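The values are calculated or read from the model by the stated rules, or taken from the named source; none is laboratory data. Note that the structure is a prediction, hence the values are computed from the model and not measured. Here the Cβ positions follow ideal geometry from the backbone for every residue, glycine too, while neighbour counts run over all protein chains shown.
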Amino acid sequence: MNFRTEAEREQVFARRAVLLGGGMALVGATLGARMAYLSLFEGEKYRLASEDNRVSLRLIPPRRGWIVDRAGLPLAANAPDYGLELIPEQVRDLEATLRAIMGVLPLTLEDLTRIRADVARLPGAMPVAVASGLAWPQFAALNVRLPDLPGVVPVQSFGRVYAGGPAFAHLLGYVGAPTPEQYQRERDPLLVFPGFKLGKDGIERTQDAVLRGKPGARRVEVNARGKIVRELDTKADEPGANVRLTIDRGLQSYAARRLGDESASVIVMDCQTGDVLCMLSSPAYDPNVFSTRVPTKLWKSLQSSDAHPLINKSAQGLYPPGSTFKMVTALAALKAGISPEDAVVCRGVYRYGRGLWHCHSRRGHGHVDLHSAIPQSCDVYFYTYGRAAGNQAIADMARVFGLGQKFDLPLPGQAKGIVPDAAWKEKRYGKDWTIGETLNASIGQGYLIANPLQLAVMAARLATGRAVEPRLLADGPRAAAPSLGIPEEHLAIVRQGMVDVVNGRGGTATRSRVMVDGIVMAGKTGTAQVKRITMAERRRGVTRQEQMPWKYRDHALFVAYAPVINPRYAVSVIVEHGMHGGTAAAPVARDVLTYLFEPERANATLRIIEADAARRKAANEAAAKAAADAAAAAAPAPAPPPVVT
């Protein structure tokens, strides 16, 4: 641009300088206004965002409360546990990460398959267990060699320890990692915290809210890579409360050893308070294994076992009570006005219409009244007077003694059982009740089923005449048990019959007397039919239970209380496929009660029983090995390979 004069040139430049300065002033004013706005109105927002980038809030999982027995001895406690987990949404390359982990920690093909499946199945925020129960050197090596792998979290926590192992498995349950469904339902961040576990079964599950506690938190300053620079402040966790049970740890451990390899249940109750001192179901699983990770092979073997080790037989198992029910029938007959002196002549069979109902003594018992019917367990007597009393009277009396009901206990899956009557059958099958079904019910068979806990309650109520309720939580409410409303003279007749079962001449459990001075046990044996021996089987020579496969043999039952004067303890024992209550179940009850009154004597008996069992096991193993060796020796030698020329 040409300027004619110097004044014109200065005027143009002055104009441009004003425009440029004004523009710059406008921009500066705009930036200043924006800065003022951000500072005054948005400052807190960005301060918090900056704080979030610099400061991390990390949960502190609460320490789980202990489960202890009535004396405060630990049943479920905590111990340091070291493991490794993956957070799927933070892992960049799963296969590369797994290869890096395997450089430090050996993983099996089963482990790798499970980890890949869990990563594909679980929400991205939920941790996937890689390994647990690591030794300290392994855990230290992981922390040193894998610090920069995204999504890999070494976990230092407290694992659950069950000192009693399988003996307490069904009662206590176990702990495990939360499921995706639980997280979706609760949205509790604690449920996705690496290493956190909650109750999965038993007391651990029903009392989880008490045992779990409340998490704490700590604020830490981190760098750009997420590493902790320093800790700012901490809010401590609140440990879960301890849960004290009415269980006697020593008694239950003794009962487990006394049962050995039997598939069975043992319940012991305090007759006065209702405290459950022993609730044993055998065989069982090891809760220490279930609280970590169950190997596939072990899980399949537990599921396929005929002994059903995954079922709590004490509360979930249902069995015909058999002859242990006859006291209920007797009380129903007495209430109906039948005299205890009314008698029958037992010739081993009861006839009704074209049907024959056999007594367990095929030769018969001869002249039998109520006083001798209970100790001899005469079926014909109970057929006769059970029918006379009527099934409704029997069913009503059964409910008085706790059958057909659930109790207020912290047990998941408690089975109710069945006390059948005409209304029940009409509702269930749409059919009328028959006399034959009354005959079956009068001896504890037919539709009637109960669990071992109900049978123990029945025994406690027979002993005291009061509506004793079972208790498992030692610190829970305790109320005085009201009277059953049954005349004392009726109860006295039945109780004397139970005394004679064990201590009288001709009783069915006379070999199971308690050998402690001043202690007399009253009881009743029972046998619950599993499968009738068919005519086809009889033609093949199968005439006795011992000839049947184990899973088809009858169950053995025994209920009892002791001492007879001022009863203190009630017990029920069921030995699955034990065949005879007097030989399989009653001795167990005798030894368990002996432990309560004279532990030294009980332990001496146990040592003899365990030594005999060990000798039998060794002999069986030697016989099996000899048979296998003989079979191998008798097998033809393999043909030699063809000669190639």
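From the set of residues in the range 1-13 that are surrounded by 10 or more Cβ atoms within 10 Å (Cβ to Cβ) and hydrophobic (A, V, I, L, M, F, W, C), which is modelled with the lowest pLDDT? Only one residue tops the list, namely Phe3.
So which residues in the range 400-409 are at negative phi and either surrounded by 17 or more Cβ atoms within 10 Å (Cβ to Cβ) or outside any loop (DSSP other than H, G, I, E, B) (or both)? First the steps, then the outcome.
At the first step, the residues of the range 400-409 found to be at negative phi are 400-401, 403, 405-409.
Val400, Phe401, Leu403, Phe407, Leu409 - these are the residues of the range 400-409 that are at negative phi and either surrounded by 17 or more Cβ atoms within 10 Å (Cβ to Cβ) or outside any loop (DSSP other than H, G, I, E, B) (or both).
A Cβ distance below 9 Å, combined with a sequence gap of six or more or placement on separate chains, defines the contacts here; from the range 363-381, residues that are under 19 Å from Gly322 (Cβ atoms) reach residues that are among the basic types (Lys, Arg) and modelled with pLDDT under 95 in the pairs His365/Arg347; Pro375/Arg505; Val380/Arg347.
Gly353 meets each of the listed conditions (1) over 21 Å from Lys524 (Cβ atoms); (2) buried (at least 20 other Cβ atoms within 10 Å of the Cβ); (3) modelled with pLDDT under 95 apart from (2). Restricting the first member to the range 159-177 and to residues that are within 15 Å of Asn78 (Cβ to Cβ) and in contact (Cβ under 8 Å) with a residue 24 or more places away in the chain, and the second to residues that are among the hydroxyl-bearing types (Ser, Thr, Tyr) and part of a loop (DSSP other than H, G, I, E, B), the beta-carbon pairs closer than 6 Å and six or more apart or on different chains are Arg160/Ser291; Tyr174/Ser291; Val175/Ser291. Which of the residues spanning the range 365-377 are surrounded by 14 or more Cβ atoms within 10 Å (Cβ to Cβ) and over 20 Å from Gln545 (Cα atoms)? The answer is His365, Gly366, Val368, Asp369, Leu370, His371, Ser372, Ala373, Ile374, Pro375, Gln376. Count of the range 386-401 residues, restricted to those that are under 24 Å from Gly582 (Cα atoms) and either of a type outside the set (A, V, I, L, M) or not assigned by TED's automatic domain parsing to the domain that holds Pro487 (or both), is 2. Could you list, in sequence order, the residues of the range 527-577 that are loosely packed, with under 13 Cβ neighbours inside 10 Å and outside any helix (DSSP H, G or I)? Of everything in the range 527-577, those that are loosely packed, with under 13 Cβ neighbours inside 10 Å and outside any helix (DSSP H, G or I) turn out to be Arg532, Thr534, Arg540, Gly541, Thr543, Arg544, Pro549, Ile565, Asn566.
Scanning the range 500-526 for residues that are assigned to a helix (DSSP H, G or I) and surrounded by 18 or more Cβ atoms within 10 Å (Cβ to Cβ) yields Asp500, Val501, Val502, Asn503, Ser512. Among the residues of the range 488-547, those that are polar (S, T, N, Q) and farther than 18 Å from Met458 by Cα comprise Asn503, Thr508, Thr510, Ser512, Gln529, Thr534, Thr543, Gln545, Gln547.
Taking the range 224-340 and the helices (runs of 4 or more DSSP H) fully enclosed by it, the elements with 2 or more residues that are of a type in the set (Lys, Arg) and loosely packed, with under 15 Cβ neighbours inside 10 Å are at 296-304.
A Cβ distance below 6 Å, combined with a sequence gap of six or more or placement on separate chains, defines the contacts here; from the range 294-316, residues that are closer than 9 Å to Ser282 by Cα and in contact (Cβ under 8 Å) with a residue 12 or more places away in the chain reach residues that are in a loop (DSSP other than H, G, I, E, B) and among the hydrophobic types (A, V, I, L, M, F, W, C) in the pairs Pro309/Ala284. A single member of Leu109, Leu122, Leu105, Leu149 is without any contact (Cβ under 8 Å) to a residue 40 or more places away in the chain, surrounded by 14 or more Cβ atoms within 10 Å (Cβ to Cβ) and either within 29 Å of the chain's Cα centre (by Cα) or over 22 Å from Val175 (Cβ atoms) (or both), and it is Leu105. Exactly one residue out of Arg99, Arg160, Arg114, Arg92 is in a loop (DSSP other than H, G, I, E, B), among the basic types (Lys, Arg) and out of contact with any helix residue (DSSP H, G or I) (no Cβ under 7 Å at 6 or more places or on another chain), and it is Arg92.
For Ser361, the requirement of being small (Gly, Ala, Ser) and buried (at least 19 other Cβ atoms within 10 Å of the Cβ) is not met. On the stretch given as the range 591-614, residues that are in contact (Cβ under 8 Å) with a residue 40 or more places away in the chain and either in contact with a strand residue (DSSP E or B) (Cβ under 8 Å, 6 or more places away or on another chain) or among the hydrophobic types (A, V, I, L, M, F, W, C) (or both) total 8.
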